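Structure record follows, encoded as structure tokens.
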Amino acid sequence: MLIFMIVLVVASGAILCAQSAINGRLGSHVGVLESAWLTFTLGAMLSLLYAFLFEPQHALTLFTAPRWQVTGAFFGVVYMLVIVFAMPRVGTAAATVSVISGQLLMSLLIDNFGWLNNPVIRLSGARYAAMILLAIALFLIYRSNARQGAQAMALNGESNEHPHLKQS
Amino acid sequence: MKHVWLIPLVVAAGMGLSVEAGLLGPLGEEVGHAWAVVGIFALGSLLLTFGLIFGRPRLALMFSQPRWLLTGGVLGPVYVAALTIATPFVGVGLTMVGILFGQVAASLVIDHFGWLGSARREVDGYRVAALVAILVALWLIH
């Protein structure tokens, strides 16, 4: 059972990555704004159906909770626009590792200062080391991209950019 | 790589995602997690609809694409559902590590084979080393 659950979690991470790749591809065909709009609108429809049918009643609702707590949506929209734009240009791996680095960096900062009413967890040696390792990983993927780009250019006089981006 | 400047931008977007998660958690405790997700998606959808109305939307072009290209919006809720099912069994820490591992591994595979319309970027020594560095970093944090 535990193994099955771990496989499920790893698969859902893979799904997240596939989602970004699909959205990036769609964005390069029809536009960044259109692709992000489709993702949010479909997400709103599906989550509304689920919440309406299955979520038990709570004392507070979205309309009575403090307004600033709902402002997270602005970050989500900016993220979606950036990722749809960047994914076909820098590649799936570079974009994914960049997002993860940003997420972990910010979550370490939030922990360290206890922002947004979260408990304070101070930065330790292990956490500093983890940040350095993430920076190294990003650099390695950048090196790999640069090397393969140079190779592709030497082979056929073309960059390895996404074919659909050249038209625009 | 011509688009190096995009990488800090994507890192910043990832930082925003953590802020969103930090806001979403407490909101979910108060109004229910499903409704918190509805709030985020609905507000985002409204904002982007404004953008579309005042931009030059190419919606006709979008709906003439093959249908699998439109499934990105459906996969998000699938991910949320999988998390909801698995977290009580394996714990939050292991869940996070599993997701991040799944993401990075899938990104290397997608690039390697050029799936989902990505440009092909083969797995090489650099990429394997990057994967190892990320795994060690995750182990250090959790």
Exercise. Starting from the eigenvalues of the Cα gyration tensor, five times each then square-rooted, give me the equivalent ellipsoid semi-axes of chain A, largest first, whole Å.
Key: 33, 25, 16
Quiz item: Which angle between 0 and 90 degrees, to the nearest 10, do you get for helix A:72-90 versus the longest principal axis of chain A when only C-alpha atoms count?
Solution: 10 degrees
Quiz prompt | Charge context of B:Tyr126, other residues only, Cβ under 14 angstrom, K/R +1, D/E -1 | solution = +1
Quiz item: Along the charge dipole of the protein assembly as shown, which of A:Pro56, A:Asn23, B:Gly114 sits closest to the positive end, that is, farthest toward it, with unit charges on the beta carbon of Lys, Arg, Asp and Glu (+1, +1, -1, -1)?
Solution: B:Gly114
Quiz item: Regarding the stretch B:1-57, what are the three Cα extents along the principal axes, ordered largest first, in Å?
Solution: 45, 29, 11
Quiz item: Once phi is turned into ³J(HN,Hα) by the Karplus curve 6.51 cos²θ - 1.76 cosθ + 1.60 with θ = phi - 60°, what whole-Hz value does each residue of the stretch A:28-37 show in order, with x for glycine and proline?
Solution: 6, 7, 10, x, 5, 4, 4, 5, 5, 4
Quiz prompt | Under Karplus coefficients 6.51, -1.76 and 1.60, residue-wise ³J(HN,Hα) of the stretch A:134-146 in Hz, glycine/proline x | solution = 5, 4, 4, 4, 4, 4, 4, 5, 4, 4, 4, 4, 4
Self-check item: From phi via Karplus (6.51, -1.76, 1.60), per-residue ³J(HN,Hα) for the stretch A:39-47 in Hz, x at Gly/Pro
Solution: 4, 5, 5, 4, x, 5, 4, 5, 6
Practice problem: Could you grab the relative contact order for chain B? Cα pairs under 8 Å, six or more apart, rounded to a whole percent. | Solution: 10 percent
Quiz prompt | Pairwise centroid distance, computed over Cα atoms, of the stretch B:27-78 with the stretch A:67-142, Å | solution = 22 Å
Quiz item: When ligands, DNA and RNA are left out and all protein chains stay put, how many square angstrom of accessible area per residue does the protein assembly as shown have with a 1.4 Å probe?
Solution: 48 Å²
Quiz item: In the stretch B:1-57, what percent of the accessible surface is made up of carbon and sulfur (1.4 Å probe, ligands and nucleic acids excluded)?
Solution: 74 percent
Quiz prompt | Principal axis dimensions, the protein assembly as shown - Cα atoms, whole angstrom, descending | solution = 64, 52, 37
Practice problem: Work out, step by step, the length gained on full extension between A:Ile132 and A:Phe54: first 0.36 nm times the residue separation, then minus their alpha carbon distance; give nm to one decimal. | Solution: 23.8 nm
Quiz item: Between chains B and A, what is the buried accessible area summed over both chains (1.4 Å probe, protein heavy atoms, nearest 100 Å²)?
Solution: 9500 Å²
Self-check item: Value of relative contact order over chain A, rounded to a whole percent, pairs C-alpha under 8 Å and six or more apart
Solution: 22 percent
Practice problem: Mind giving me the FRET efficiency for A:Ala146 and B:Val136? R0 is 25 Å, r the Cβ-Cβ distance, nearest 0.05 is fine. | Solution: 0.60
Quiz item: Kirkwood Rh, the stretch B:65-142, all Cα pairs: how many Å?
Solution: 14.5 Å
Exercise. For chain B, just run the numbers: alpha carbon Rg, then divide by 2.2 N^0.38 Å, N being how many residues it has.
Key: 1.26
Quiz item: Using a Gaussian network model of chain A with C-alpha springs under 10 Å, which one of A:Ala36, A:Ala73, A:Ala130 is most mobile by mean-square fluctuation?
Solution: A:Ala73
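The values are calculated or read from the model by the stated rules, or taken from the named source; none is laboratory data. Here the structure is a predicted model, which means the values were calculated and not measured. Neighbour counts are summed over all protein chains in view; Cβ atoms, including those assigned to glycine, are modelled from backbone coordinates with ideal geometry. Accessible surface areas use protein heavy atoms only, side chains included; no ligands, DNA or RNA. Shrake-Rupley method; radii C 1.70, N 1.55, O 1.52, S 1.80 Å.
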